[in-house]
1. Within the stretch 258-281, which residues are without any contact (Cβ under 8 Å) to a residue 40 or more places away in the chain and under 18 Å from Gln237 (Cα atoms)?
2. I'm checking my understanding of the structure. Among residues of the stretch 155-198 that are β-branched (Val, Ile, Thr) and more than 14 Å from the ligand (Cβ to nearest atom), which one is surrounded by the most Cβ atoms within 10 Å (Cβ to Cβ)?
3. Part of a strand (DSSP E or B) and away from the ligand (no atom under 16 Å from the Cβ): is that true of Leu417 in this structure?
4. Mind listing whichever residues of the stretch 332-369 are under 21 Å from Lys307 (Cβ atoms) and over 39 Å from the mean Cα position of the chain (by Cα)?
5. Would you point out which residue out of Asp58, Asp111 is modelled with pLDDT under 95 and closer than 28 Å to Phe134 by Cα?
6. I'd like the full set of residues that are more than 16 Å from the ligand (Cβ to nearest atom), assigned to a helix (DSSP H, G or I) and of a type in the set (Val, Ile, Thr), limited to the stretch 206-262.
7. From Asp229, Asp309, grab the single residue that is touching a residue at least 12 places away in the same chain (Cβ under 8 Å), surrounded by fewer than 14 Cβ atoms within 10 Å (Cβ to Cβ) and under 24 Å from Asp421 (Cβ atoms).
8. So which helices (runs of 4 or more DSSP H) are wholly in the stretch 468-550 and hold at least 1 residues that are small (Gly, Ala, Ser)?
Amino acid sequence: MERTCWNTDLSALNINQKVTLLGWVSKRRNLGSILFIDLRDRSGLIQIMVKDADKIPDVRNEYVIQVKGVVSKRETPNPKIKTGEIEVLADEIIVVNTAKTTPIIIADETDALEDTRLKYRYLDLRRPSMQKYFDVRDQIKITTHSYLHKYRFIEIETPMLCASSPEGAKEYLVPSRIHHGSFYALPQSPQMFKQMLMVGGFERYYQIARCFRDEDLRADRQPDFTQIDIETSFLDQDEFLNLMEGLIKEIFKSTIGYDVKLPLRQMTYREAMDRFGSDKPDTRFGIELHELKTKVFKDSSFEAFQKADAIRGICVPNISDVTSRKVMDALNLEAKKFGLGGLSILKYENGELLGSFAKFVSEEEKKLLISEFDAKHNDVFIIAAGPANRVNPLLGAIRLSYGRQLGLIKPHTFDLLWVVDFPMFERDIESNKMVASHHPFTRPKDEDLHYLDTDPTKMLSYAYDIVINGYEAGGGTLRIFDQNVQKKIFNILGLSDEEVKEKFGYFVDALQYGTPPHGGMAFGLDRLAMILGDTDNIRDVIAFPKNLSAVCPMTNAPTKVSEDQLKELGLSLIDEGK
Ligand code: ASP
């Protein structure tokens, strides 16, 4: 179609030029015989002035129109838009297509419910504020391609239909039509393939990879998501992290013009858990966790404290309502979610510690507590006792919610760090089974290898996460490249030799044929786009996301399928009603 340029290509430099524009009617203002139209295309808005409004066809919001006219200086400039100094004086307006009244308003601000926005996503995406997120996302990808190619990476695609593999989360399964009773799994990540590419001699691989995990959804999680997936050979951990920091720096610069200072800080997992109660600490504010078991309560008369493995606390400044019933109940409920009975709360007021728990605290302990927290009038101590792997995350979560509530986090600031030295294994709280902290291919630290046969829980690993503003923006590990170590790790995770052979035979075999030392990581592209796009909702940066119930309100996926489809796949459904 005829079009001379996009709206925001025009400026005062184009005054008196004849132009033909295409776009959507964003707004109309009819002032008697003069009509003003805000014309929107992907680049932005421009004002169209029509002198003889009765000579042009009827145009309404969201009609697609073609405008022919002359660029003119605007009498009252509008500094809020890029083309605010000019307007196009229309000679002709052609209606290319009409539009019904839209169910949501196409404007930056919206009060439409999210499910309505997702149902009419094609309209929601027309909103300029939404389109900006996709510019950021696209720029991240452009920078990634150019940076990684500069450092001799090659992009290679890996399969979507894979064998089921244990990476922690539940998998999406795809029934095979040809092999009834057998299933492909959608990849949680290209992990094993990228390792095979290192055995295959590519040395530096990357892929903007679609991944799938069937997990409960949260504000920063989607069932299908995208990773910048990376693998390299022959680099040690610091060499690799340096290379990745460079990528992050270029991404921040090219998307939002922000200068990230390198090298990034490295914090051990232990320190992150002890000080911030989280392996993805937001270190932009204090309220750090304090160890109280040895420092204050070593001789406590309170029974629950005597039995507890860990007693830790935080001091929240200047909150007046924390001792109210409602807030206490909410805090105790939070504690229950983490498997703890409750919290002990004390308030420091006029030099005294108050609250129903105060009667269990001796005078000496009170003095120690006040000095440990360097308490100020109105401070509140929130104390948790129990196993450290429950106490830390609980206090970490409370810390974060007060940090936000009390406005302690400065907006538009960025906090980037590596968390390193993760343990190899964790005990799953529910099943009490050993699970890999990252995944089973993670290489134990050389100096901890001797624990492999004695006490594997003591082993730390070459694993690292990049944390940005309290989000895990990426993570990875150096990998095991010794077949025997890999087999032992599988055994520790509860897989018998037989199972290893059946599930990972090719993988363990491949390690025998000159596997280079290798390692890599994956950045969450959606999370990066969300952080750089300045939204806390991951669905904003995904064109067609699922809602929190894992449903796509536009297409209604997942949907029922016909009996014939099921039969072809050799499947039948269990009638849950019976
Ligand atoms: N595959 C890992 C993940 O998706 C990242 C890595 O270890 O490279 O988290």
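The values are calculated or read from the model by the stated rules, or taken from the named source; none is laboratory data. Everything quoted here is computed from the prediction, not taken from an experiment. Counting neighbours? That spans all protein chains shown, and the Cβs are built from the backbone with ideal geometry, glycine included.
1. If the condition is that a residue be without any contact (Cβ under 8 Å) to a residue 40 or more places away in the chain and under 18 Å from Gln237 (Cα atoms), then Leu262, Pro263 are the ones that fit.
2. To start, the set of residues in the stretch 155-198 that are β-branched (Val, Ile, Thr) comprises 156, 158, 174, 178.
Adding the requirement that they be more than 14 Å from the ligand (Cβ to nearest atom) leaves 156, 174, 178.
Numbers: Ile156: 16, Val174: 14, Ile178: 7.
Looking at the filtered set, the residue picked out is Ile156.
3. Details: part of a strand (DSSP E or B): yes; away from the ligand (no atom under 16 Å from the Cβ): yes.
It is true that Leu417 is part of a strand (DSSP E or B) and away from the ligand (no atom under 16 Å from the Cβ).
4. Ser356, Ala358, Lys359, Phe360, Val361, Ser362, Glu364, Glu365, Leu368
5. On the way: Asp58 fails: closer than 28 Å to Phe134 by Cα.
Just one listed residue meets the conditions, Asp111.
6. Correct list: Ile251, Thr255, Ile256.
7. On the way: Asp229 fails: surrounded by fewer than 14 Cβ atoms within 10 Å (Cβ to Cβ).
None of the others qualify; the one that does is Asp309.
8. Working: elements: 483-492, 497-510, 525-533.
Passing ranges, in order: 497-510, 525-533.
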